[in-house]
Amino acid sequence: MLRMLLSGLLLLATGCTATATSLSPRGDAAAAYLHATGAPGVVIGWSAGDGHPQIATAGTASLATGVPVDRRTIFHMASVTKPLVAAAILQLAEQGRLDLDASPTRYLPYFRLADPRFAQVTIRQMLNHTSGLPDVEDYEWEHPQTSDAALERWVRGLAGLKLVSDPGAAVHYSNLAYDVLGDVIAKASGMPFESYVRRHLLAPLGMRHSSLLLAEVDRSHLAAPHMPEGGQVRVSAVFPYNRVHAGSSTLYADATDMLRWARYWAARPGRAKARLLSDAGIAAMLKPSAAVDRPDRAQWRPAIGLGWFLLRVEGRAIAFHMGQDVGFTTGMMVEPGTGRAVVAMSNIATEAAGERMFDLCLTMMTAMQAPPPATRSGSYSGR
């Protein structure tokens, strides 16, 4: 399945009213993305930290219908889901309901791997992709599971797998780890994973068009996935949804909601309108915890926090996550403490679309001017 190694960024803020635009340099960027990638549609949202977020759109939500994309078009966000999951884990840690340095088996006693090193795996390592857990080989989008029992049943079926490296030794990107974290959230909170996220993250931010459950999505606003086929771009016969992979992949949202999420993370300390985490918890997610081996980006000192990928670009701290699944490519990028954020989503999945998405987000971020970032202080144990 299509996956980007550096997958997805998220940020949040309530009360976000974005102004729609179709031209300006960002509107031109939307049109340029379509031209460069063959994507049917793209939506870009950004905030320069001035309290006036904007959205640019270009193209169509579906080549089958010709309906244009707009600020209400909902996209499958793919791995941009992951910072949301990490935030839920940190919330539960701050409430004393789980321990970041505990084994996931404390909360999932049925979770086992056929590897003696598995006993050393911690939840913190799963958050920063150093657990050694393997990646998902088949997302089974063609045969989705949708029941409340699906996730636990899937986790129980992982017992024959082995680690790909020693726990804590290196970054090995694992969608599987985040899918399992969804079950950790469910068991630690006592409610279905998707319900916890909706109640404790999406609702406080006013993200009323967003859900991890496809059944809750307004299909009249849902973009169709597209893939190259026979030299042409066509609507994909496969839609990327399977409830067992909600933790790694299945946030559905529009640009307005994603800007709310992004602006939460970009906010200056004490300025976010919803208090989802303590300042120390936010800082813990955005603090480098392991280096990422990307020679092509070595000049930016790539690293990973908890749920976020991190860069230093011309002295500026950038947090981001990109995402790609069948028919969709997405990206989010923020500069914490400045109010600056970019979100972008398109309804095509190709290597070029992924590369251009990262370039688009980074170019827009570095072009925006903002005051020097405020800092968050304090230690964080995460229990």
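The values are calculated or read from the model by the stated rules, or taken from the named source; none is laboratory data. As the structure is a prediction and not an experimental result, all values here were calculated from the model. Note: ideal-geometry Cβ built from the backbone for every residue, glycine included; neighbour counts use all protein chains shown. Side chains are part of the model used for accessible areas, which takes the heavy atoms of the whole protein and leaves out ligands, DNA and RNA. Shrake-Rupley method; radii C 1.70, N 1.55, O 1.52, S 1.80 Å.
Under the convention that each Lys and Arg Cβ holds +1 and each Asp and Glu Cβ holds -1, the size of the dipole of the stretch 45-172 around its Cα centre is about 200 debye.
Report, ordered by chain and residue number, the aspartates and glutamates lying within cross-link reach of LYS187, taken as a straight Cα distance under 20 Å and ignoring same-chain residues fewer than 8 apart. Within the straight-line cut-off, LYS187 pairs with GLU94, ASP99, ASP101, ASP148, GLU152, ASP179. The aspartates and glutamates within cross-link reach of LYS162, meaning a Cα-to-Cα straight distance under 14 Å and a gap of 8 or more places when in the same chain, are ASP115, ASP135, GLU137.
The slack in the chain from ARG275 to ARG234, taken as 0.36 nm per residue of separation less the alpha-carbon distance, amounts to 10.5 nm. For ALA290, the amide hydrogen comes within under 5 Å of the amide hydrogens of ILE304, counting only partners 5 or more places away or on other chains and with H modelled in the peptide plane. Element breakdown for the stretch 62-108 at a 1.4 angstrom probe: carbon and sulfur atoms account for 48% of the accessible area.
In a reduced charge model with +1 at each Lys and Arg Cβ and -1 at each Asp and Glu Cβ, the chain shows a dipole moment near 1120 debye about its Cα centre. Once you reduce the stretch 122-136 and the stretch 305-356 to the center of their Cα atoms, the two points are 20 Å from each other.
Given a Förster distance of 41 Å, report the FRET efficiency between ALA203 and ARG112 from their Cβ-Cβ distance, rounded to the nearest 0.05.
Taking R0 as 41 Å, the efficiency between ALA203 and ARG112 is 0.75.
Leaving out ligands, DNA and RNA, and with a 1.4 Å probe, what % of the accessible surface on the stretch 123-222 is carbon or sulfur?
Values: 2020 of 4200 Å².
It is 48 percent, rounded to a whole number.
Electrostatic bookkeeping for ILE318 treats Lys and Arg as +1 and Asp and Glu as -1; over the other residues with beta carbon under 13 Å from its beta carbon, the sum is +3. When the Cα positions of ALA353, GLN54, SER131 are compared along the charge dipole of the chain, GLN54 comes out farthest toward the positive end, with charges on each C-beta of Lys, Arg, Asp and Glu.
Considering only GLY38, GLY66, GLY323, the mean-square fluctuation computed in a Gaussian network model of the chain, springs between alpha carbons under 10 angstrom, is largest for GLY66. Couplings for the stretch 44-54, taken from phi via the Karplus curve 6.51 cos²θ - 1.76 cosθ + 1.60 with θ = phi - 60°, read 10, x, 8, 9, 8, x, 9, x, 10, x, 9 Hz in order; Gly and Pro are left as x.
Simple spin-label estimate for ASP218 and GLN120 gives 5.0 nm between the two label positions (7 Å along the Cα-to-Cβ direction from each Cα).
Taking amide H atoms as placed 1.01 Å from N in the peptide plane, the amide H of ALA274 lies under 5 Å from those of THR14, each 5 or more residues away in sequence or on another chain.
Ranking request for peptides 306-312, 293-299: highest mean number of other beta-carbon atoms within 10 Å first, then the rest in descending order.
Details: 306-312: 24.0, 293-299: 11.3.
The packing order, highest mean first, is 306-312, 293-299.
Placing a label point 7 Å from the Cα of ARG294 along the Cα-to-Cβ direction, none of the residues of the stretch 118-137 has a backbone N under 12 Å of that point.
Kindly state, to the nearest 0.05, the FRET efficiency for THR105 paired with ARG301, given R0 = 30 Å and r defined as their beta-carbon distance. All intermediate terms of the calculation are to be shown ahead of the outcome.
Working: r = 34 Å, r/R0 = 1.14.
Approximately 0.30, to the nearest 0.05.
Listed peptides 148-158, 202-212, 330-340 appear in the order 330-340, 202-212, 148-158 once ranked by packing, highest mean of other Cβ atoms within 10 Å at the front.
Express the accessible area of the chain per residue in Å², computed with a 1.4 Å probe while the remaining protein chains stay in the model. List each step's numbers first, then the result.
Working: 14370 Å² over 383 residues.
On a per-residue basis, the chain sits at 38 Å².
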